[in-house]
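Structure, as structure tokens:
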Amino acid sequence: MADMDGFKDAAAYGIGTPQKNEAFFLKGNENQGWGVKNRLSRIFNPKTGHTVMLAFDHGFIMGPTSGLERIDLTINPLVEYADCLMCTRGVLRSVVPPTTSKPVCLRTDGGTTILTELNLNRVYDVEDVIRLNVSAMAVMVACGDKASEQITTHNLVHTVDMGAKYGIPVLGVTAVGKDMARDARYFGLATRVCAENGASFVKTYYTEEGFEKVVAQCPVPIVIAGGKKLPEDKALELAYKAIQAGAAGVDMGRNVFQSAKPLAMMKAISAVVHQGLSAQDAFQLYNDEK
Ligand code: R5P
């Protein structure tokens, strides 16, 4: 029992000051449980409502793609500048220091590679996900792809069920493929399907036309992938336009780790996403960084 010597009577009851019930800052997630909200608050900065996720999960389909040959050398120095790390469990266990306090959005499905048919994936055992103490699970959904639409949608449904059981939010990742359109109409459908099946946030691609409609019709936050490597000023413009159109952040890979100056790129993207810096000013920031 606690030592009662010098015990002070409780007095600070705040009578007359109602306990606050604050609305959760991320759209569409008000009715989630505490665990989901807490994990989302680690991924998204509650002050800005935005996030810069660093994606380096490409190896599970592409092998040692340019910039990811040695993740310990190229990605680990960037970790402190990211809000969230997105990778596979193999890389997390083998390369990412467990001393990091950054939240992890774990790529939770795997199966086929670029050498065969993409997206015929199955999902990880949720117990292994829990062992890795992750903040979110990311699952690909391939709407419109005859071979994999059903299996990938089932993957999402199953993962959301597991996430609901253990308080782990799910990132729905909209696939792109050779037979799938890359316009606002398609991404609107695909992001909505992810949200309707219970994703807490959705990753998709920016479209020059109609992206604000993609964001508006999706009841949960959207983050954008960067896609193939662009010149740095164009990649910053992409991030800027997406944020201005309502995206809640980026989940970028190649435009960071294939950049001539990955660290400078991280800082410039972060300024666009969190401070609303213009693409031109962010490119200046990129150039000013050594
Ligand atoms: C795609 O399946 C991967 O999950 C990447 O995480 C995603 O495409 C983002 O990376 P990038 O910005 O290189 O497109």
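Laid out as a table, the results:
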read-out: Qualifying residue in the stretch 272-290 (condition: outside any helix (DSSP H, G or I), of a type in the set (Ser, Thr, Tyr), within 16 Å of the ligand (Cβ to nearest atom) and open to solvent by less than 50 Å² (accessible area, probe 1.4 Å)); value: no
read-out: Selected residue (criterion: farthest from the ligand (Cβ to nearest atom)) from residues of the stretch 118-134 that are of a type in the set (A, V, I, L, M) and either part of a helix (DSSP H, G or I) or within 19 Å of residue 198 (Cα to Cα) (or both); value: 130
read-out: Top-ranked residue in the stretch 45-59 [being closer than 24 Å to residue 110 by Cβ and open to solvent by less than 20 Å² (accessible area, probe 1.4 Å); ranked as farthest from the ligand (Cβ to nearest atom)]; value: 51
read-out: Condition broken by residue 67, with the remaining ones in (1) at pLDDT 95 or above; (2) at negative phi satisfied; value: (2)
read-out: Test result for residue 38, at pLDDT 95 or above, closer than 18 Å to residue 221 by Cα and touching a strand residue (DSSP E or B) at 6+ places or on another chain (Cβ under 9 Å); value: no
read-out: Complete set of residues in the stretch 244-253 that are touching an Asp or Glu at 6+ places or on another chain (Cβ under 8 Å) and more than 10 Å from the ligand (Cβ to nearest atom); value: 245, 246, 249
read-out: From the options 28, 35, residue that is in a loop (DSSP other than H, G, I, E, B) and either of a type in the set (Gly, Ala, Ser) or closer than 30 Å to residue 276 by Cβ (or both); value: 28
read-out: Pairs with Cβ under 7 Å, 6+ apart, first in the stretch 254-271 and under 21 Å from residue 87 (Cα atoms) and within 11 Å of the ligand (Cβ to nearest atom), second hydroxyl-bearing (Ser, Thr, Tyr) and open to solvent by 10 Å² or more (accessible area, probe 1.4 Å); value: 257/74; 258/66
read-out: Condition broken by residue 168, with the remaining ones in (1) touching a helix residue (DSSP H, G or I) at 6+ places or on another chain (Cβ under 6 Å); (2) within 20 Å of residue 41 (Cα to Cα); (3) not hydroxyl-bearing (Ser, Thr, Tyr) satisfied; value: (1)
read-out: Positions within the stretch 244-271 being within 16 Å of the chain's Cα centre (by Cα) and outside any strand (DSSP E or B), in sequence order; value: 246, 247, 248, 253, 254, 255, 256, 266, 269, 270
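Okay, residues lined up against (1) surrounded by 15 or more Cβ atoms within 10 Å (Cβ to Cβ); (2) touching a Cys at 6+ places or on another chain (Cβ under 9 Å); (3) free of Cβ contacts under 8 Å to residues at least 12 places away in the same chain; (4) hydroxyl-bearing (Ser, Thr, Tyr):
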residue: 61; (1), (2), (3), (4): yes, no, no, no
residue: 66; (1), (2), (3), (4): no, no, no, yes
residue: 74; (1), (2), (3), (4): yes, no, no, yes
residue: 79; (1), (2), (3), (4): yes, no, no, no
residue: 91; (1), (2), (3), (4): yes, no, no, no
residue: 94; (1), (2), (3), (4): no, no, yes, yes
residue: 99; (1), (2), (3), (4): no, no, yes, yes
residue: 103; (1), (2), (3), (4): yes, yes, no, no
residue: 108; (1), (2), (3), (4): yes, no, no, yes
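The values are calculated or read from the model by the stated rules, or taken from the named source; none is laboratory data. Values in this document were obtained by computation on a predicted structure and should not be read as measured data. Cβ sites come from the backbone with ideal geometry, for glycine too, and all protein chains shown count toward neighbours. These area figures cover heavy atoms from the full protein model, side chains too; ligands, DNA and RNA do not enter into them. Shrake-Rupley method; radii C 1.70, N 1.55, O 1.52, S 1.80 Å.
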